[in-house]
Amino acid sequence: MLTLALSKGRIFEETAPVLAKAGIRPLEDPEQSRKLIIPTS
């Protein structure tokens, strides 16, 4: 298990594209929810 704790401000905005390139995307829209839950297999 890997846990990432990111604030939703500037840090998340800068980190989200990097995570997306690695195929890591939140289950819920970060603009609508504070949950940053990532599905795992």
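The values are calculated or read from the model by the stated rules, or taken from the named source; none is laboratory data. In this text, all values refer to a predicted model and were calculated from it rather than measured experimentally. Virtual Cβ from ideal backbone geometry, glycine too; neighbours counted across all protein chains shown.
Does Leu19 fit the bill of being touching a Lys or Arg at 6+ places or on another chain (Cβ under 8 Å), modelled with pLDDT of 85 or more and of a type outside the set (D, E, K, R)?
yes
Filter the range 1-17 down to the residues that are assigned to a loop (DSSP other than H, G, I, E, B) and either in contact with an Asp or Glu (Cβ under 6 Å, 6 or more places away or on another chain) or not hydrophobic (A, V, I, L, M, F, W, C) (or both) and list them by number. Show your work before the answer.
Start the filter on the range 1-17 by keeping residues that are assigned to a loop (DSSP other than H, G, I, E, B), which leaves 1-9.
Within the range 1-17, Thr3, Ser7, Lys8, Gly9 qualify.
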